Amino acid sequence: MAAGWGALVGGVLQFLIQLPWVLKLDREIRINRGRGDGAFHEVVRNAGPAIMGRGVVQVSTYIDMIWRACWVSARWRASSSRRHSMYCR
């Protein structure tokens, strides 16, 4: 939880620190929501599948880690009487 808050605060600080220099380089930049722009809708439409794809990869990795822990735990239990993993019973 702390790492998530740290990443959020770090991202906001990074944006705020860089903003004055960016505005000095290009005065034509206007910060707005841009919801009426066609490019905004294209980005939102393309972001959905990309975010879902990353989520699938993370879930797949998590399941793979649990499966491997169970496999190692089963092999370890075969040679010992102790339990190793909380996910495998």
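The values are calculated or read from the model by the stated rules, or taken from the named source; none is laboratory data. Values in this document were obtained by computation on a predicted structure and should not be read as measured data. All Cβ positions, even for glycine, are placed from backbone atoms using ideal geometry, and neighbour counts span all protein chains on display. All accessible areas refer to the heavy atoms of the entire protein, side chains included, with ligands and DNA or RNA removed. Shrake-Rupley method; radii C 1.70, N 1.55, O 1.52, S 1.80 Å.
Per-structure values
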{"read-out": "Filtered residue count, the range 9-52, keeping only those that are part of a helix (DSSP H, G or I), loosely packed, with under 10 Cβ neighbours inside 10 Å and of a type in the set (Gly, Ala, Ser)", "value": "4"}
{"read-out": "Ser60 being assigned to a loop (DSSP other than H, G, I, E, B) and either open to solvent by less than 90 Å² (accessible area, probe 1.4 Å) or at pLDDT 90 or above (or both)", "value": "no"}
{"read-out": "Single condition Phe40 does not satisfy, out of (1) touching a Gly at 6+ places or on another chain (Cβ under 6 Å); (2) modelled with pLDDT of 90 or more", "value": "(2)"}
